[in-house]
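Peer 1: Here you go, one structure.
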Amino acid sequence: MMESRSMSSIPGSGKNRRYGGIRRQLAKSPLLLALHPCNRTGVGGEVDQGRFHSGTIMTFRAIAVSAGLGFLAVGCTQPAPPVAPVEPTSQPVADKPADDAFAYAVNYACEGGGVVDVVFSGNGGAVARLDGGAAETLPMNPDAQNGIEYKNATTTLKSDGGSVTWASGATTKTCMIKTRDLPAPKVEGVVRALEEKDAGTTVDMKVGEKISVALVGVPTAGYVWGAASPPAFIKASDGPGGATSTAQFTPGFAGGSHWEVVVVEAVAAGEGEITLAQRRPWETTAEPDAKTFKFKLKVS
């Protein structure tokens, strides 16, 4: 009698045929092999045979469904194209800067009328305008034969510090410097700003508040302003400094007076006279102060 065998046990038939096809499909496709949940090695690796045959992760039926649907879907899905980098939007450069750019300009009054404003920059160039018109950026001309010259394709500015000559198109102007006094530098966060005219005044402030005292000094000669024997209820520190005149912005200018600012902070309650003295730091206390500035301070 012919031995009867279940179709499921006959190699190449029934479920084994389907399973064999799946295994062959996995073996032939590196992508399917890499995507299979039992594969721990990634693309180009081999399936963990123990887990593949044990059925502890999924049954062959589930694999068949995944192979027929999920793997095909993954295999057909193309990766998203890379996002193109966003190029920064170029900002237009204004031909004429804000008026603040000329707040510290050197002004020159021209013969026959007109004014040339010049901002001399630290890099050797200049920005200038005639009668408040469009600003011209003028690099320094290294080939100039006489004096200092700044020029671009349309405009030339020659300077000797005290005067300038403006030449642009058919317009030529010879102009003499007209200096301006400059205000003291501002300190952010102070409750009051004192200057020389405020000597002898009385200031009321609270603990934690600050005031500033702006005085004119000659730091180029070694004289600086500072608190002389300050009381324990204040702390004095150096603030910003700056030019006192637009003449100090001209090329080659040296020396002159400068603004010096002392910041006084109330660290405790107290009352007394505050003295600021101008002196050379290396001199002994036996040397008299060049100048002094005094005011009364009440801190609560």
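Peer 1: Within 17 Å of Leu182 (Cα to Cα) and basic (Lys, Arg): does that describe Lys296?
Peer 2: no
Peer 1: Right, something else. What do you reckon, is Gly256 in a strand (DSSP E or B), touching a strand residue (DSSP E or B) at 6+ places or on another chain (Cβ under 8 Å), among the small types (Gly, Ala, Ser) and under 30 Å from Glu149 (Cα atoms)?
Peer 2: Values: in a strand (DSSP E or B): no; touching a strand residue (DSSP E or B) at 6+ places or on another chain (Cβ under 8 Å): yes; among the small types (Gly, Ala, Ser): yes; under 30 Å from Glu149 (Cα atoms): yes.
So Gly256 does not fit the description; no.
Peer 1: Just name the residue that is farthest from Gly133 (Cα to Cα) out of those in region 160-182 that are basic (Lys, Arg) and surrounded by fewer than 18 Cβ atoms within 10 Å (Cβ to Cβ).
Peer 2: Arg180
Peer 1: Search region 262-274 for residues that are at negative phi and pair each with any residue that is of a type in the set (Phe, Trp, Tyr) and assigned to a strand (DSSP E or B) when their beta-carbon atoms are under 8 Å apart and the residues are at least 6 apart or on different chains.
Peer 2: Val262/Trp225; Glu273/Phe295; Ile274/Phe295
Peer 1: Out of the residues in region 186-212 that are hydrophobic (A, V, I, L, M, F, W, C) and without any contact (Cβ under 8 Å) to a residue 40 or more places away in the chain, state the one that is nearest to Val299 (Cα to Cα).
Peer 2: Applying the filter and picking the extreme gives Val191.
Peer 1: Would you please name the residue that is surrounded by the fewest Cβ atoms within 10 Å (Cβ to Cβ), looking only at residues in region 120-159 that are without any contact (Cβ under 8 Å) to a residue 40 or more places away in the chain and aliphatic (A, V, I, L, M)?
Peer 2: The extreme case among them is Ala153.
Peer 1: Which ones in region 157-197 are among the β-branched types (Val, Ile, Thr), farther than 22 Å from Ala266 by Cα and under 33 Å from the mean Cα position of the chain (by Cα)?
Peer 2: Thr179
Peer 1: Just to check your reading of the model, which residue among Gly162, Gly217 is at pLDDT below 95 and outside the structural domain of Ala144 (by TED's automatic domain parsing)?
Peer 2: Values: Gly162 fails: outside the structural domain of Ala144 (by TED's automatic domain parsing).
Step by step, each of Gly162, Gly217 is checked, and only Gly217 is at pLDDT below 95 and outside the structural domain of Ala144 (by TED's automatic domain parsing).
Peer 1: Restrict the check to region 100-118 and report whether at least one residue is of a type outside the set (Lys, Arg), in a strand (DSSP E or B) and closer than 30 Å to Val263 by Cα.
Peer 2: Yes, region 100-118 contains at least one residue that is of a type outside the set (Lys, Arg), in a strand (DSSP E or B) and closer than 30 Å to Val263 by Cα.
Peer 1: Can I ask one more? When the residues of region 269-299 are filtered to those that are among the hydroxyl-bearing types (Ser, Thr, Tyr) and surrounded by 11 or more Cβ atoms within 10 Å (Cβ to Cβ), which remaining residue is nearest to Lys197 (Cα to Cα)?
Peer 2: Here the answer is Thr292.
Peer 1: Could you list all residues from region 147-161 that are assigned to a strand (DSSP E or B), closer than 11 Å to Thr137 by Cα and among the β-branched types (Val, Ile, Thr)?
Peer 2: Thr155, Thr156
The values are calculated or read from the model by the stated rules, or taken from the named source; none is laboratory data. Nothing here was measured: the structure is a model prediction, and the numbers come from that model. So basically every Cβ, Gly included, is an ideal-geometry build from the backbone, and we count neighbours across all protein chains shown.
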